[in-house]
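Colleague: The structure is given below, and queries will be raised subsequently.
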């Protein structure tokens with residue numbers, strides 16, 4: 001598969017899981033994974049899932065505006081930069097967000113999230 | 001130096017160079033560097049400088065809102081996600097932007113930009 005196809009499939013999967021079954025995101029991280037969410041740093045899939053499931057909003061819907069990807073180097077990783085809108089239930093206006101993923105290959109031929117940085121842009 | 005200090009120093013240098021001497025950005029890229037600017041892919045420092053200096057605006061000023069960084073893996077690289085505002089000369093409103101850098105170490109103890117993805121968020 002082309003890198004763009006992999007990136008789009010990952011992004012679709014990530015945000016549909018976030019919006020419907022946030023705890024299921026744990027499968028996408030490993031013990032060395034890092035998340036920086038609005039400046040707060042977390043490491044390890046258990047801590048990352050705890051962070052994501054304890055955010056101060058429950059129902060939400062992500063809409064993706066752009067997906068860009070590049071190979072990250074000889075280890076066959078892939079960098080993905082996403083921009084989009086985050087609609088929280090009960091809020092009138094959607095929030096703009098930017099999120100960067102560094103995907104690393106697994107021995108099984110899939111990818112996991114090694115780096116994850118999320119920022120709201122308050123657009 | 002701590003990673004955050006390096007990231008902030010890089011970001012300050014990058015955008016002040018962009019706003020005052022855009023051609024000088026070439027020193028920050030190498031032959032294997034990649035730039036995706038608003039979805040358009042470019043590779044190699046000469047092509048990247050040509051792209052950046054031919055953008056359809058001359059005078060501009062970046063204002064940084066957030067800088068986040070994480071180590072990118074065993075090769076001692078560093079991922080930096082920046083959000084901020086881009087004010088173009090003669091325009092009333094600033095544009096929001098998001099930009100991701102993957103910095104890799106040089107033998108001289110400095111860093112160069114291996115990956116660069118820039119996106120306007122049209123905020």
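Colleague: List pairs: first in segment A:55-78 and farther than 20 Å from residue A:35 by Cβ and more than 11 Å from every other protein chain (Cβ to nearest Cβ), second modelled with pLDDT under 95 and part of a loop (DSSP other than H, G, I, E, B), Cβ under 7 Å, 6+ apart or cross-chain?
Modeller: A:59/A:89
Colleague: Go through segment B:82-110 and report how many residues are away from chain A (no Cβ under 14 Å), surrounded by 15 or more Cβ atoms within 10 Å (Cβ to Cβ) and farther than 20 Å from residue A:120 by Cα.
Modeller: 1
Colleague: A further question follows. Hey, can you tell me all the residues within segment B:8-46 that are closer than 20 Å to residue B:119 by Cβ and surrounded by 19 or more Cβ atoms within 10 Å (Cβ to Cβ)?
Modeller: Result: B:10, B:11, B:14, B:15, B:25, B:28, B:29, B:33, B:34, B:35, B:36, B:42.
Colleague: Looking at B:35, B:88, B:52, can you tell me which residue is modelled with pLDDT under 95 and farther than 19 Å from residue A:36 by Cα?
Modeller: None of the others qualify; the one that does is B:88.
Colleague: Please give the number of the condition residue A:118 fails out of (1) farther than 23 Å from residue B:39 by Cα; (2) at pLDDT 95 or above.
Modeller: All conditions are met except number (1).
Colleague: Quickly run through segment A:52-72 and pick out the residues that are surrounded by 14 or more Cβ atoms within 10 Å (Cβ to Cβ) and in contact with a strand residue (DSSP E or B) (Cβ under 7 Å, 6 or more places away or on another chain).
Modeller: Scanning segment A:52-72 gives A:60, A:61, A:62, A:64, A:65, A:66, A:67, A:68, A:69, A:70, A:71, A:72.
Colleague: Can we say residue B:43 is more than 9 Å from chain A (Cβ to nearest Cβ), touching a residue at least 24 places away in the same chain (Cβ under 8 Å), within 24 Å of residue A:82 (Cα to Cα) and touching a strand residue (DSSP E or B) at 6+ places or on another chain (Cβ under 8 Å)?
Modeller: Judged against the criteria, residue B:43 is not a match.
The values are calculated or read from the model by the stated rules, or taken from the named source; none is laboratory data. Note that the structure is a prediction, hence the values are computed from the model and not measured. Neighbour counts are summed over all protein chains in view; Cβ atoms, including those assigned to glycine, are modelled from backbone coordinates with ideal geometry.
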